[in-house]
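What follows is one structure encoded as structure tokens, with my remarks underneath.
The values are calculated or read from the model by the stated rules, or taken from the named source; none is laboratory data. A quick note: this is a predicted structure, and the numbers were derived from the prediction, not measured. Ideal geometry is used to build each Cβ from the backbone, glycine not excepted, and the neighbour counts take in all protein chains shown. Just so you know, the surface numbers come from the protein's heavy atoms only, side chains and all, with ligands and any DNA or RNA stripped out. Shrake-Rupley method; radii C 1.70, N 1.55, O 1.52, S 1.80 Å.
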Amino acid sequence: MRRAMHNGGHGRGFGHGRGFGGRHGHGGGDDGRRSRRRMFDSGELRLVLLRLIADEPRHGYDLIRRIEELTGGAYAPSPGVIYPTLTLLDDMGQIAAQQSEGAKKLFAITPDGAAELDANKDIVDALLARLAEVGEERQRTDGGSVRRAMGNLRQVLLNRLGDRDIDEAKLHEVVALIDEAAQKIERL
């Protein structure tokens, strides 16, 4: 039981799944434990980048930042994913580098890229809606006061459960209080 409490309460009816979750696309599994899920399936990132570039010419870092903004900070693709995808789009003739100040390549959409977007409009709209949904969920579930309260509870639990003199009855009281709080929150 003590190990279950230390590991975030798994097995006691409460977990911490949050959709896509953290910065790198982690999501909640069916059992509440965090599992890895890619934000984009094959070809989806390419379509999102095309759409963002169609909105206005952009460079790689700007695309990373824009996707992070759309997800409310929940996900930011790595440069190791963005730049090869930009190279692929450029090789396919769907984007083209423009003159820009400094060393950054500024990409603009080409007629072939616009045709690709038109052919996949429903998919692109769904992808952008998914990014917005991740951002909205992050905003709902990741408020500063909620994080502070969760951190406070965690620290109190670690301190109290780390006491060598805690007996089985006290441990059961702690578990009952946490379960009661979880049930009350669920009923809100």
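Going by what's in this entry, would Glu186 be described as open to solvent by 60 Å² or more (accessible area, probe 1.4 Å) and not aliphatic (A, V, I, L, M)?
yes
Exactly one of these conditions fails for Arg38: (1) within 26 Å of Arg138 (Cα to Cα); (2) outside any loop (DSSP other than H, G, I, E, B). Give me its number.
Checking Arg38 against (1) within 26 Å of Arg138 (Cα to Cα); (2) outside any loop (DSSP other than H, G, I, E, B), the one that fails is (2).
Ala96 passes all but one of (1) among the aliphatic types (A, V, I, L, M); (2) open to solvent by 80 Å² or more (accessible area, probe 1.4 Å); (3) not in a helix (DSSP H, G or I); which number fails?
So Ala96 meets the others, but not (2).
Give me the pairs, please: first residue somewhere in region 57-74 and in contact (Cβ under 8 Å) with a residue 40 or more places away in the chain, second residue anywhere and part of a helix (DSSP H, G or I) and of a type in the set (Gly, Ala, Ser), beta-carbon distance under 7 Å, and either six or more positions apart or on two chains.
Leu70/Ala132; Leu70/Gly135; Thr71/Gly135; Gly72/Gly135; Ala74/Gly135
Looking at (1) within 19 Å of Ile64 (Cα to Cα); (2) crowded, with 18+ Cβ neighbours inside 10 Å; (3) not acidic (Asp, Glu), can you tell me which one Asn120 breaks?
(1)
Could you tell me which residue of region 134-161 is most open to solvent (accessible area, probe 1.4 Å), considering only residues that are touching a helix residue (DSSP H, G or I) at 6+ places or on another chain (Cβ under 9 Å) and either more than 28 Å from Gly73 (Cα to Cα) or in contact (Cβ under 8 Å) with a residue 60 or more places away in the chain (or both)?
Arg160
Based on this model, can you work out whether Leu171 counts as assigned to a helix (DSSP H, G or I), of a type in the set (A, V, I, L, M, F, W, C), surrounded by 12 or more Cβ atoms within 10 Å (Cβ to Cβ) and in contact (Cβ under 8 Å) with a residue 60 or more places away in the chain?
Yes: the conditions hold for Leu171.
Give Leu63, Leu106 a once-over and let me know the one that is crowded, with 18+ Cβ neighbours inside 10 Å and touching a His at 6+ places or on another chain (Cβ under 6 Å).
Leu106
Tell me which residues, restricted to region 47-61, are modelled with pLDDT of 95 or more and within 19 Å of the chain's Cα centre (by Cα).
If the condition is that a residue be modelled with pLDDT of 95 or more and within 19 Å of the chain's Cα centre (by Cα), then Leu47, Val48, Leu49, Leu52 are the ones that fit.
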